[in-house]
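Engineer: Pasting a structure below so you can have a look.
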Amino acid sequence: MIENAQEGPSIALACLDMAGTTVSDDGAVEESFLAALATVGVNAGDPRLPRMLDYVRETMGSSKIAVFEALFPDDDRLPTAANKAFETAYDAIVSRGGVKEMPGAREAIAKLRSNGIRVALLTGFSIPTRDKLIDSLNWQAVADLLVCPQEAGRGRPHPDMVLHAILKLGIDDVSSVAVVGDTAADIKTGLRAGASVVVGVLSGADDAKRLRDAGATALLDGIRELPDFLSCT
C-alpha cells in the first residue's frame with residue numbers, strides 16, 4: 001500500500017528509523033521501559049504507571065534519556081538510573097534473539113544504495129545499545145551511516161540527527177532527503193529538518209491517522225516498499 005505519493009526532487013539520502021521501521025522488536029521497547037520504571041520504583045499498581053506509560057507511547061521514537069528526564073523532572077538521578085536500566089533490559093532482549101530485521105529491510109536498503117541513494121540509520125538508543133543491536137543483526141556494513149542522539153546533539157523530534165547525517169554524508173540540498181519512520185516523532189523530525197519526503201510506515205508504533213496528523217507526506221505498509229516508492233518520486 002502506498003498512500004499520498006507525490007512527485008518531488010530526486011532523493012540523495014534516506015534517513016531510516018530502526019525499531020519499528022527497519023527492525024522488528026515485538027514490543028521490546030515498551031517492555032524495556034516497564035523494566036526500567038520498575039527499577040526506579042514505579043511498579044505495577046503504582047498510580048503513576050498508567051500516566052507514564054501513556055507518555056512513553058506518546059513519545060515513542062524519541063530519545064530515551066529525554067523521555068526519562070520528562071518523566072522524572074524533579075530528580076537528577078532517576079533519569080540516568082532509569083535509562084541505564086532500560087539499556088540493560090533492551091540489551092538482554094537483543095542477546096536472546098528477540099530483535100530481528102523487518103521483512104525485506106536488508107534488501108530494501110541494498111536496493112536504495114545500489115540506486116545511488118545514501119542510507120543513514122537513525123535511532124533514539126544510546127551508542128552502546130545501538131551497536132549491540134547492529135552487531136546482533138550483522139548490519140555493520142548495511143548502511144552508510146549510523147546516528148543516535150549522543151552523536152548529533154538532540155534526539156527526536158528535534159531535527160539534529162537528520163541534519164547530522166546531511167552534513168556527515170555531504171548532501172547538498174535538504175530537499176533531496178527522505179525521512180522514514182513509524183512514529184509521529186520520526187515524522188516531526190523529518191519535517192523540522194526540511195526533508196521533502198517524510199514517509200510513515202505502518203509496521204510499528206503509530207497508526208495511519210497519527211502519522212498523517214503529524215504531517216507524513218506518504219504512508220507505506222513497510223520498509224520493503226520504499227525503493228519502489230522513491231523511484232516514483
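The values are calculated or read from the model by the stated rules, or taken from the named source; none is laboratory data. Note that the structure is predicted; figures quoted are calculated from it, not measured. Cβ: placed from backbone, ideal geometry, glycine included. Neighbour counts: every protein chain shown.
Engineer: Which one is surrounded by the most Cβ atoms within 10 Å (Cβ to Cβ) among residues in the stretch 56-75 that are assigned to a loop (DSSP other than H, G, I, E, B) and more than 13 Å from the chain's Cα centre (by Cα)?
Structural biologist: Taking the candidates together, the pick is Phe72.
Engineer: Would it be correct to say that Ala92 is of a type outside the set (S, T, N, Q) and under 16 Å from Ala141 (Cα atoms)?
Structural biologist: no
Engineer: Could you check how many residues of the stretch 150-170 are outside any loop (DSSP other than H, G, I, E, B) and either buried (at least 19 other Cβ atoms within 10 Å of the Cβ) or outside the structural domain of Val198 (by TED's automatic domain parsing) (or both)?
Structural biologist: 8
Engineer: Name every residue in the stretch 37-55 that is in a helix (DSSP H, G or I) and closer than 14 Å to Ala82 by Cβ, in order of residue number.
Structural biologist: Pass one, the stretch 37-55, residues in a helix (DSSP H, G or I): 37-39, 49-55.
Scanning the stretch 37-55 gives Leu37, Ala38, Thr39, Leu49, Met52, Leu53, Tyr55.
Engineer: For the stretch 24-41, check the following and say yes or no: at least one residue is at pLDDT 90 or above, within 15 Å of Phe125 (Cβ to Cβ) and in contact with a Pro (Cβ under 7 Å, 6 or more places away or on another chain).
Structural biologist: No, the stretch 24-41 contains no residue that is at pLDDT 90 or above, within 15 Å of Phe125 (Cβ to Cβ) and in contact with a Pro (Cβ under 7 Å, 6 or more places away or on another chain).
Engineer: Quick check on Arg96: is it within 18 Å of the chain's Cα centre (by Cα), modelled with pLDDT under 90, surrounded by fewer than 16 Cβ atoms within 10 Å (Cβ to Cβ) and more than 26 Å from Lys168 (Cβ to Cβ)?
Structural biologist: Values: within 18 Å of the chain's Cα centre (by Cα): no; modelled with pLDDT under 90: yes; surrounded by fewer than 16 Cβ atoms within 10 Å (Cβ to Cβ): yes; more than 26 Å from Lys168 (Cβ to Cβ): yes.
It is false that Arg96 is within 18 Å of the chain's Cα centre (by Cα), modelled with pLDDT under 90, surrounded by fewer than 16 Cβ atoms within 10 Å (Cβ to Cβ) and more than 26 Å from Lys168 (Cβ to Cβ).
Engineer: Continuing with this model, one more query. Pairs needed: first member in the stretch 1-20, closer than 24 Å to Ala143 by Cα and at pLDDT 90 or above; second member anywhere, surrounded by fewer than 16 Cβ atoms within 10 Å (Cβ to Cβ) and among the aliphatic types (A, V, I, L, M); C-beta distance under 6 Å; at least 6 residues apart or different chains.
Structural biologist: none
Engineer: Residue by residue through the stretch 37-66, note down the ones that are closer than 22 Å to Ser203 by Cα and without any contact (Cβ under 8 Å) to a residue 24 or more places away in the chain.
Structural biologist: Selection gives Leu53, Asp54, Tyr55, Glu58.
For (1) under 14 Å from the mean Cα position of the chain (by Cα); (2) among the aromatic types (Phe, Trp, Tyr); (3) outside the structural domain of Leu219 (by TED's automatic domain parsing), each residue gets a yes or a no:
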{"site": "Tyr90", "(1), (2), (3)": "no, yes, yes"}
{"site": "Gly104", "(1), (2), (3)": "no, no, no"}
{"site": "Leu112", "(1), (2), (3)": "no, no, no"}
{"site": "Cys148", "(1), (2), (3)": "yes, no, no"}
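Engineer: Restricting the first residue to the stretch 121-141 and requiring it to be small (Gly, Ala, Ser), which pairs with a second residue that is surrounded by fewer than 23 Cβ atoms within 10 Å (Cβ to Cβ) meet a Cβ separation below 6 Å and a spacing of at least six or different chains?
Structural biologist: Pairs found: Ser126/Glu87; Ser136/Val94.
Engineer: Would you be able to tell me the number of residues in the stretch 190-233 that are in a helix (DSSP H, G or I), buried (at least 22 other Cβ atoms within 10 Å of the Cβ) and without any contact (Cβ under 8 Å) to a residue 40 or more places away in the chain?
Structural biologist: Of the residues in that region, 1 qualify.
Engineer: Consider the stretch 76-106. How many of its residues are outside any helix (DSSP H, G or I) and touching a residue at least 60 places away in the same chain (Cβ under 8 Å)?
Structural biologist: First pass over the stretch 76-106, keeping only residues outside any helix (DSSP H, G or I): 76, 96-104.
Of the ones still in play, those that are also touching a residue at least 60 places away in the same chain (Cβ under 8 Å) are 98-104.
Looking only at that region, the number is 7.
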